[in-house]
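Chemist: Provided herewith is a single structure, encoded as structure tokens, for subsequent inquiry.
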Amino acid sequence: MSWTGKFLRVNLTEGTVKSEALNREWARLYLGQRGLASKYLAEEIDPRVDPLSPDNKIIFTTGPLTGTNASTAGRYSVVTKGPLTGCIACSNSGGMFGAELKNAGWDMIIFEGRAAKPVYFHVENDRAELRDAQPFWGKTVWETDAGLKAHHQDPMLRVATIGASGENGVLFACIVNDLHRAAGRSGVGAVMGSKNLKAVAVRGSKGVRVKDPVRFLKSVAEQKQVLADNAVTSQGLPTYGTQVLMNVINEVGALPTRNFQDVQFDGARRISAEAMREPRRSDGKANLVTNAACFGCTIACGRISQIDPGHYTIVNRPEYRHASGGLEYEAAWALGAATGVDDLEALTFANFLCNEHAIDPISFGATVAAAMELYELGAITSKETGGIILTFGSAEALTALAELTGKAQGFGRDIGLGSKRLCAKYGHPDLSMTVKGQEFPAYDPRGIQGMGLSYATSNRGACHLRGYTVASEIMGTPVKTDPLVTDGKAALVKAFQDATAAFDSAGICIFTSFAWTLENVAPQLDAACEGEWTADYLLEVGERIWNLERQFNLAAGMTAKDDTLPKRLLKEAAKTGPAKGLASGLATMLPEYYAQRGWSAAGVPTAETLKRLALA
Amino acid sequence: MSMATATLKLFSQLSDYLPPGADQNQALIEIGPSTTVDGVITALALPAGKCHLVLLNGVFIPPSERIATPIRPGDALAIWPPVGGG
């Protein structure tokens, strides 16, 4: 129980849909969602497969708690081999879609092959079928969502879809559900597009059964109280959202600015959470309209924003005057500090476009930042950009490129290559701020040393959500550590990575971890799921998942040489702030990390480690 | 003779405690030779439980060191309640 015990296998080439029983032994070993789907992917595809070929598979997967009334239990993940990185990709999203899929009676959907013409997959409880998506091909997320709801005459239909970006191979195309929640990273939307799969539309009303309902309800209530008693999850996140970090990270000197040339941005305050709440001089209204929650969430960190109707971006475009998904910290950084743009309304518009066209705002903004540096060096000229003056700080360039990239048009096609391929194309590969081909998020490894190791070793390329040591190094959760030193960071990164893999496999949001540890998650899982679930066992599951992903990447051709950072971060010291004079100390941390993991000096799990984790 | 000054920055829910004349979450405050981090927190009656992330020139000052950490002219003292995000 808690797992439905069955999943759908959809062969797009053949046009067939089958129900299969979930492998219960794998569920015991990998829990669900990220872990369990990674196991299925690793078993079913050759890791060397071309990510955009029919031989790749893409899995929409829930966790055992998804769809229950545990707090934040609306999460689902998309697992595939990522085209941006060539690594295993797992992108996690909230909203309502995941809970709807679980309530339709399915733990996951495995899509394989490639449809001969555009299709979407419609699930209504036990009824599941492929349908013609020709009328929606080329349409935006917002058009597709509305169109499918109208077609099925069901305003409660939950839709996860791609835009033209995914259809046309933008390598950081994402999958957007519920209009503005995204399985955002690693280009999972491009894989969907390569399969001619436009959308998954789900309606579920069956409920989710748990093992011991009385104990489960009691445990859920106790753990919701923990969230309610915590200052971050009860006050900070709902009031200010993740954007509260903009001024924090700038103050500690770890806000990557203008393609990581600097670590502090003089426009940070103007694009921060505090600025979003202030009345504008133009119309007296604040950018932030309200906060919002995903399914079952008692934190409600989401931002709903409305752009100044007189702003240049929308003054002649009334279709963008409604309230929609606003800036989260990572997006605000990538669209803002990374590009040197401090126009909050322009960033909000660019964010709307990223949602509307389903592109990852982190990779998009970071790639524009790289393009701006190339432009200022003369490696890219206005001839290539189609006349766009691509200088740092240009809001006009940013918003024009968001639209072009979202539609895969003009110079947007070059931006859609991602930073690594763009910088290589224009002769400056060292200017790409990426690991394993994926763009960095919003923390400079020179000012937060543990994050350098976390990025370098992340199984899906540079990412903050695989081991968020910022929580410890900056925020003091669960204990405060010094962000400027490398001592102890190998163990810290490993601990965060393993625990996060367990959170990501349970069906809940990682933001609960500002108040919860696995000690808070375990009793909920134990009451909901068959088997025995303790915090210690969950940590073992997390470590197993991490090593499974590592094995996949090694088999895909990654080596220890890929566990590195761009030269700029290893050689060029921070110019200002507390980290002034410091570069990343990755070389010190990495060997210690391999040892902590039970890996060889070449970064390969030893036979003993694999045996200990039941991976051999 | 004018007093020496430092910059005080209060964010998030502490914004309400900014002194009059503050702009963009910051204000200049006058300091003397014996002004400390804890002294500023006390003088502004900032709720102790909300002074979680206390940074002097970007560097974290733990609670046990706040009473003895002086503020020098030109320093920047920035304070947040517990924060999270990512």
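The values are calculated or read from the model by the stated rules, or taken from the named source; none is laboratory data. It should be emphasised that the depicted structure is a prediction, and the values quoted were computed from it without experimental measurement. For neighbour counting, all protein chains shown are included, and Cβ atoms are generated from backbone atoms with ideal geometry for every residue, glycine included.
Chemist: Scan (1) in a loop (DSSP other than H, G, I, E, B); (2) more than 23 Å from the chain's Cα centre (by Cα); (3) not β-branched (Val, Ile, Thr) for the single condition A:Leu525 breaks and write down its number.
Modeler: Here A:Leu525 meets the rest and fails (1).
Chemist: Out of all the residues in segment A:46-76, which are touching a helix residue (DSSP H, G or I) at 6+ places or on another chain (Cβ under 9 Å), touching a residue at least 24 places away in the same chain (Cβ under 8 Å) and farther than 17 Å from A:Ala99 by Cα?
Modeler: A:Pro47, A:Arg48, A:Pro51, A:Leu52, A:Ser53, A:Pro54, A:Asn56, A:Lys57, A:Ile58
Chemist: State yes or no: is A:Glu167 surrounded by fewer than 20 Cβ atoms within 10 Å (Cβ to Cβ), assigned by TED's automatic domain parsing to the domain that holds A:Gly74 and charged (D, E, K, R)?
Modeler: On the way: surrounded by fewer than 20 Cβ atoms within 10 Å (Cβ to Cβ): no; assigned by TED's automatic domain parsing to the domain that holds A:Gly74: yes; charged (D, E, K, R): yes.
For A:Glu167, the condition - surrounded by fewer than 20 Cβ atoms within 10 Å (Cβ to Cβ), assigned by TED's automatic domain parsing to the domain that holds A:Gly74 and charged (D, E, K, R) - is not met.
Chemist: Also: Take the residues in segment B:74-86 that are assigned to a loop (DSSP other than H, G, I, E, B) and under 13 Å from the mean Cα position of the chain (by Cα), then tell me which one is farthest from the other protein chains (Cβ to nearest Cβ).
Modeler: Narrowing segment B:74-86 to residues assigned to a loop (DSSP other than H, G, I, E, B): B:74-75, B:81-86.
Remaining after also requiring under 13 Å from the mean Cα position of the chain (by Cα): B:74-75, B:81.
Details: B:Gly74: 15, B:Asp75: 13, B:Pro81: 6 Å.
Among them, the one singled out is B:Gly74.
Chemist: Here's another thing I want to ask about it. Filter segment A:205-231 for residues that are under 20 Å from A:Pro478 (Cα atoms) and either small (Gly, Ala, Ser) or facing chain B (nearest Cβ under 10 Å) (or both) and give the result. Reasoning before the result, please.
Modeler: Initial filter on segment A:205-231 (under 20 Å from A:Pro478 (Cα atoms)): A:222-231.
Across segment A:205-231, the qualifying residues are A:Ala228, A:Asn230, A:Ala231.
Chemist: If you take the residues in segment A:389-417 that are under 15 Å from A:Leu171 (Cα atoms) and among the charged types (D, E, K, R), which one is surrounded by the fewest Cβ atoms within 10 Å (Cβ to Cβ)?
Modeler: Per the stated criteria, the residue is A:Arg413.
Chemist: Looking at A:Leu344, A:Leu353, can you tell me which residue is in contact with a Ser or Thr (Cβ under 8 Å, 6 or more places away or on another chain), at pLDDT 95 or above and in the same structural domain as A:Asp262 (by TED's automatic domain parsing)?
Modeler: Values: A:Leu344 fails: in contact with a Ser or Thr (Cβ under 8 Å, 6 or more places away or on another chain).
Result of the check over A:Leu344, A:Leu353: A:Leu353.
Chemist: Another question, then. Every residue in segment A:227-246 that is surrounded by fewer than 24 Cβ atoms within 10 Å (Cβ to Cβ) and of a type outside the set (Ser, Thr, Tyr), please. Outline the logic, then answer.
Modeler: Within segment A:227-246, the first condition is being surrounded by fewer than 24 Cβ atoms within 10 Å (Cβ to Cβ), and the residues that meet it are A:227-231, A:234-235, A:238-239.
Correct list: A:Leu227, A:Ala228, A:Asp229, A:Asn230, A:Ala231, A:Gln235, A:Pro238.
Chemist: Does any residue of segment A:435-458 turn out to be at pLDDT 95 or above, touching a Gly at 6+ places or on another chain (Cβ under 6 Å) and on the phi > 0 side of the Ramachandran plot?
Modeler: yes
Chemist: I'm trying to understand the selection: among the residues of segment A:31-69, which are surrounded by fewer than 24 Cβ atoms within 10 Å (Cβ to Cβ) and among the hydroxyl-bearing types (Ser, Thr, Tyr)?
Modeler: If the condition is that a residue be surrounded by fewer than 24 Cβ atoms within 10 Å (Cβ to Cβ) and among the hydroxyl-bearing types (Ser, Thr, Tyr), then A:Tyr40, A:Ser53 are the ones that fit.
Chemist: Restricting attention to segment A:537-590, and to residues there that are touching a Leu at 6+ places or on another chain (Cβ under 8 Å) and without any contact (Cβ under 8 Å) to a residue 24 or more places away in the chain, which single residue is farthest from the other protein chains (Cβ to nearest Cβ)?
Modeler: So the residue we want is A:Ala587.
Chemist: Need pairs with beta-carbon distance below 6 Å; first residue under 16 Å from A:Asp212 (Cβ atoms) and within segment A:508-533, second modelled with pLDDT of 95 or more and among the aromatic types (Phe, Trp, Tyr); sequence gap 6+ or separate chains.
Modeler: Filtered contacts from segment A:508-533: A:Ala522/A:Trp533; A:Leu525/A:Trp533; A:Asp526/A:Trp533; A:Ala527/A:Phe216; A:Ala528/A:Phe216.
Chemist: Shifting gears a bit: With (1) outside any helix (DSSP H, G or I); (2) closer than 30 Å to A:Arg75 by Cα; (3) touching a helix residue (DSSP H, G or I) at 6+ places or on another chain (Cβ under 8 Å) as the list, and A:Met558 as the residue in question, which single condition is left unmet?
Modeler: Tallying (1) outside any helix (DSSP H, G or I); (2) closer than 30 Å to A:Arg75 by Cα; (3) touching a helix residue (DSSP H, G or I) at 6+ places or on another chain (Cβ under 8 Å), A:Met558 fails exactly one: (3).
Chemist: Considering only residues that are surrounded by fewer than 22 Cβ atoms within 10 Å (Cβ to Cβ) and on the phi > 0 side of the Ramachandran plot, which ones fall in segment A:336-385?
Modeler: A:Gly378
Chemist: Same structure, new question: I'm trying to understand the selection: among the residues of segment A:500-532, which are crowded, with 23+ Cβ neighbours inside 10 Å and over 21 Å from A:Ala300 (Cβ atoms)?
Modeler: Once the filter is applied, which keeps residues that are crowded, with 23+ Cβ neighbours inside 10 Å and over 21 Å from A:Ala300 (Cβ atoms), segment A:500-532 yields A:Ala501, A:Ala502, A:Ser505, A:Leu525, A:Ala528, A:Cys529.
Chemist: Right, something else. Within segment B:8-24, does at least one residue satisfy the condition of being assigned to a loop (DSSP other than H, G, I, E, B), surrounded by fewer than 20 Cβ atoms within 10 Å (Cβ to Cβ) and touching a helix residue (DSSP H, G or I) at 6+ places or on another chain (Cβ under 6 Å)? Spell out the reasoning first.
Modeler: Initially, segment B:8-24 is screened for residues assigned to a loop (DSSP other than H, G, I, E, B), giving B:11, B:18-22, B:24.
Restricting the remaining residues to those that are surrounded by fewer than 20 Cβ atoms within 10 Å (Cβ to Cβ) gives B:18-22, B:24.
Still in the list and also touching a helix residue (DSSP H, G or I) at 6+ places or on another chain (Cβ under 6 Å): B:24.
Yes, that holds for at least one residue.
Chemist: Restricting attention to strands (runs of 3 or more DSSP E) lying wholly within segment A:106-172, give those where 1 or more residues are more than 20 Å from the chain's Cα centre (by Cα). Explain how you work it out, then say what you get.
Modeler: Working: elements: A:108-112, A:119-124, A:127-132, A:158-161.
By residue number, A:108-112, A:119-124, A:127-132.
Chemist: Write out, first by first residue and then by second, each pair whose Cβ atoms fall under 6 Å of each other, whose residues are 6+ apart or on separate chains, and whose first residue, in segment A:255-275, is buried (at least 19 other Cβ atoms within 10 Å of the Cβ) while the second is basic (Lys, Arg) and not in a loop (DSSP other than H, G, I, E, B).
Modeler: Going by the 6 Å Cβ cut-off, the qualifying pairs are A:Phe260/A:Arg568.
Chemist: Among the candidates A:Ala595, A:Ala491, single out the residue that is surrounded by fewer than 22 Cβ atoms within 10 Å (Cβ to Cβ), among the small types (Gly, Ala, Ser) and in contact with a helix residue (DSSP H, G or I) (Cβ under 6 Å, 6 or more places away or on another chain). Lay out the reasoning, then the answer.
Modeler: Numbers: A:Ala595 fails: in contact with a helix residue (DSSP H, G or I) (Cβ under 6 Å, 6 or more places away or on another chain).
After applying the criteria, what remains is A:Ala491.
Chemist: Specify the residue that is farthest from the chain's Cα centre (by Cα); the eligible residues are those in segment A:232-270 that are farther than 17 Å from A:Val470 by Cβ and within 12 Å of chain B (Cβ to nearest Cβ).
Modeler: Going through the qualifying residues, I end up with A:Asp266.
Chemist: Give me a count of the residues in segment A:207-223 that are loosely packed, with under 12 Cβ neighbours inside 10 Å and in a loop (DSSP other than H, G, I, E, B).
Modeler: Qualifying residue count for the region: 1.
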